[in-house]
Amino acid sequence: MATFVNLLSANFRSILRDRIFLAILIVALLFFLLVPSFSLFSMRQVQELAVTLCLSTISLLLLLVSVLQGASSVWRDVEKRYTSSLLGLPVSRATFVVAKFAGIAVTLVCCTMLLGALALPAISISAAQYPSDIPIHWMNIIGAIGMDCLKYILLSAVALFLSTVSTSFFFPFFGSVAIFFAGSASQEVIEYISGDYGKSLTPAAKLVINIVYYLLPNFSAFNLKVAAIYGLPFPFKGALYTFLYFIVYTSILLCLSVWSFTRRELP
Amino acid sequence: MNALEITGLCKTYRGKRQKIVKALSSLDLTIAPGEIFGFLGPNGAGKSTTIKILMGLIQPTGGTAKIFGTPVINSASRQRLGYLPENPSFLDFMTAREYLAFVGRAFSMHKSDVKKETDRVLELLALEGAANRAIRHYSKGMIQRLGLAQVLLHDPDIYILDEPMSGLDPIGRALVKDILRDLKSRGKTVFFSTHITSDVEIICDRVGIIVNGNLMAVDHVQSILQSGIEGYVIQLVRDKMVTEEVFVEKERLKSFISDLSASDVEIERIEPKRKDIEKFFLDIVAKGEYVAVE
Amino acid sequence: MKLKAIFLILLISYGAVVVPFTDYLRNRPVAVKLGYTPDARILKIASADHCSLVAQLAIVKVLFYYGTIVEKFTKKIDLPVEHHNMFKTVNTALKLDPYNMDAYYFTQAAFTWEVGRVREVNAVLDYGMKYRTWDYYLPFFAGFNSAYFLKDYRKAAQYMKNAAELSGDPLFTKLAARYFYESGQNQLGILFLETMRKGSKDKKIQSMYEIREKALKAVSLLEDAVVRFERERKCRPSDLSELVAANILTEIPVDPYGGKFYLAEDGKVRTTSKFAFGGKEK
Ligand SMILES: Nc1ncnc2c1ncn2[C@@H]1O[C@H](COP(=O)(O)OP(=O)(O)O)[C@@H](O)[C@H]1O
Ligand SMILES: [Mg+2]
């Protein structure tokens, strides 16, 4: 456990000293300063727009951080031969991989908390300029931000898994971006083919789509933005299912990552 | 218990286009605690391959390896071990001090010990000046020194060093020899690879010679030097005036001396003429290549 | 070995979680599925060169979910939010790409009959006429809306004249003429719906028009029967069932929207479904 924490903190520090990460973070922070003036674009929906802008900014930052960090994780340590010096310490490969993931996850959580803490005042300032008839549902907004964080932690696990089997940046990067888009759309596609449109498909094609649907991570489930923006009742049951799904899916990805990294020959 | 126990270790690399490289074939080796073992071999002989298997970095195709009785696939086998990789590379965003603190924690050292030992090894390897600079800005030699520092930090019982002298200046090389002698005097076990024979001659208790993945010879340095005696150069003084030198083969020494006693020639000096480790090594390599071709 | 065991346990857990999880996702309200479309100005900046594509995607999404509502109109769905959201999404799409015909067509199809946002729809159509200057459908829609819903016959005639000029089709001239008197509203509606249905490629929209047409035909049939009843008996029926009793009708037609037809105070035939999917619950 101490070894794990030690590695985790090293990984976390390595991300904090990463120039690209810092640049992205600073851009996101600057953007928050602009939210109150940006939201005046929409005369009738100032508050809704402020909420959207904040949630989208957080999403975009988390997307970039999770994909960039996840995709440049394990293979890069192998290529830079950090693995040789690190695994020469009494560190198992499982600990190494899980600590790598945990470093990214902790970064994502910290970013979420930092930006979330800025989003709340940005939203209240914007909303005060032009009161809306929908009250602000703070719990919904916080819930939506939290779910977003889980979503990108899951995405970083996807990227990390791809990086354990890769020897370059391109495969894990484009692979995880593709999986992100596919996983965000899979729910719509499955609903599309379960209706009228699906009748023209052959059973084999339907089966393939169904298999892909269950294999891909379902990212659309983590989207609670509508509930946050329009103040719809917060879907507690759905959030619970999604949370369980997140735990199980992420653990499976970590298992696969450990398995593939254990088999890997290191320089 | 043996410090190191290697039995039947094989490694076959499968390269691109199904090219097969047999890097190690059935290596058997045991090393007792307190021994300084030199693993000698030409480039590409399989030294690093052996060491990487010992560190669990690659899986052997066959055979087993244990460190103090613990199989190397278990990360606990590295608890009492210090490892210096070949051309090492360390988390380069950290400073040397931060990295050593990280290594100390990895070996569950006490905070105060880490501080004390960090200062000690940094001083020993003359890195104090650069200790608070990021490793990214280090030269190759400095990184090699840091590698040695992180090996010595937690005072392990066994040291596995892959070409510890490479990249070092003469001062550094001398320093490494001193360090190895010191480890020997403190009863530590050292297993190090090299392709430089003189290193072995000065420091090692035993030497193993590996060529093309085959362990060709394992012997005590002393006995190699002994058995390597080919003959003697004898300085003779005739008529108390003229000095001459003759070479006498090993087997003929006794009869030569008894022949001499009849004459009035005096022996001024007898010097054994022997193959040094280098000659020994070159002979074995030549033989190994011959075997490989056959 | 340990890893394999953990993996197996996780796979089983995945099986256990994924069933209620996907079940829940399938039954989420449409508004949630449709998601939130950011303001057009923001979207325009964000989508850069791909405005038309983003617009088309938004419309396809709306069309698809509208289709699911038509399919399962008996289901409990929170209609006001749905429509507001859909209208907003389509509007945003039109701001991104004012030439997108699908969006105008859908606006006309979805937000007039059921939702009664005729003025807003006509505003959208007016906006579209500025861009699609060659398109006779937009004035045709607007003309129909003005006459049928807003009873603004002067405006309707103008629109229809416009449509007739653009298309050269005499049908529009006839329609324009028809708008000067109020009678025959139902016939007009049926004629319009037929035209719309035949002009549509989308199955969902077609079926929607079919249902609408069926309902309108039923109303027309009932109102004709009421007129006949009044002629024959010189009094108004107090209830639609009297039409059957008087042997004018063999049976009261079924409301395809799931409601029940009744005779309102003003002598018009109405239905409890208000011609809206899910209107029954309201
Ligand atoms: N990853 C690899 N793939 C294929 N062949 C390899 C690999 N690593 C080493 N080899 C080959 O194995 C042999 C032994 O290499 P190595 O153990 O590094 O030698 P050295 O004794 O110089 O350290 C060499 O012929 C080398 O080319
Ligand atoms: Mg080597």
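List of remarks:
- Annotation note: of B:Gly56, B:Gly69, B:Gly44, B:Gly62, the sole residue that is within 16 Å of ligand 1 (Cβ to nearest atom), touching a Ser or Thr at 6+ places or on another chain (Cβ under 9 Å) and either at positive phi or facing another protein chain (nearest Cβ under 9 Å) (or both) is B:Gly56.
- Of all residues assigned to the range B:2-10, at least one qualifies as being open to solvent by 50 Å² or more (accessible area, probe 1.4 Å), in contact with a Pro (Cβ under 9 Å, 6 or more places away or on another chain) and touching a residue at least 40 places away in the same chain (Cβ under 8 Å).
- Filtered residues of the range B:158-178 (kept if at pLDDT 95 or above and assigned to a helix (DSSP H, G or I)): none
- Residues of the range A:13-30 classified as over 22 Å from A:Leu118 (Cα atoms) and surrounded by 17 or more Cβ atoms within 10 Å (Cβ to Cβ), total: 2
- Any hit, the range B:34-44, residues being closer than 22 Å to B:Ala126 by Cβ, within 19 Å of the chain's Cα centre (by Cα) and either away from ligand 2 (no atom under 16 Å from the Cβ) or open to solvent by less than 40 Å² (accessible area, probe 1.4 Å) (or both): no
- Of all residues in the range A:238-248 being open to solvent by 10 Å² or more (accessible area, probe 1.4 Å) and within 7 Å of another protein chain (Cβ to nearest Cβ), the one that is farthest from A:Val51 (Cα to Cα): A:Val248
- Residues located in the range B:48-61, provided they are outside any loop (DSSP other than H, G, I, E, B), open to solvent by 10 Å² or more (accessible area, probe 1.4 Å) and in contact (Cβ under 8 Å) with a residue 12 or more places away in the chain: B:Ser48, B:Thr49
- Selection status of B:Asp28, open to solvent by 30 Å² or more (accessible area, probe 1.4 Å), within 23 Å of B:Glu201 (Cα to Cα) and either more than 14 Å from chain A (Cβ to nearest Cβ) or away from ligand 2 (no atom under 16 Å from the Cβ) (or both): yes
- Scope the range C:224-261; condition of a type outside the set (Gly, Ala, Ser), surrounded by 16 or more Cβ atoms within 10 Å (Cβ to Cβ) and not in a loop (DSSP other than H, G, I, E, B); matching residues: C:Val226, C:Phe229, C:Glu242, C:Leu243, C:Phe261
- Residues in the range B:148-190 that are in contact (Cβ under 8 Å) with a residue 60 or more places away in the chain and within 16 Å of ligand 1 (Cβ to nearest atom): B:Ile160, B:Leu161, B:Asp162, B:Glu163, B:Pro164, B:Ser166, B:Gly167.
- Filtering the range B:149-193 to residues that are open to solvent by less than 10 Å² (accessible area, probe 1.4 Å) and either at positive phi or within 16 Å of ligand 2 (Cβ to nearest atom) (or both) leaves B:Ile160, B:Leu161, B:Asp162, B:Pro164, B:Met165, B:Phe191, B:Phe192, B:Ser193.
- Within the range B:12-61, the set of residues being of a type in the set (Gly, Ala, Ser) and more than 16 Å from B:Asn212 (Cα to Cα) comprises B:Gly15, B:Ala32, B:Gly34, B:Gly38, B:Gly56.
- Checking A:Val97 against (1) within 14 Å of chain B (Cβ to nearest Cβ); (2) open to solvent by 50 Å² or more (accessible area, probe 1.4 Å), the condition it does not meet: (2)
- Residue check for B:Glu123: farther than 25 Å from A:Glu79 by Cβ and acidic (Asp, Glu): yes
Each row is one residue, and each column tells you yes or no for (1) outside any loop (DSSP other than H, G, I, E, B); (2) in contact (Cβ under 8 Å) with a residue 60 or more places away in the chain.
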| residue | (1), (2) |
| --- | --- |
| A:Pro217 | no, yes |
| A:Pro233 | no, no |
| A:Ala239 | yes, yes |
| A:Thr242 | yes, yes |
| A:Leu254 | yes, yes |
| A:Ser257 | yes, yes |
| A:Phe261 | yes, yes |
| A:Pro267 | no, yes |
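The values are calculated or read from the model by the stated rules, or taken from the named source; none is laboratory data. Not measured: the values here are computed from a predicted model. Because the Cβ atoms are built from the backbone with ideal geometry, glycine has one as well, and the counts that use them run over all protein chains shown. Note: areas computed on protein heavy atoms with side chains; ligands, DNA, RNA excluded. Shrake-Rupley method; radii C 1.70, N 1.55, O 1.52, S 1.80 Å.
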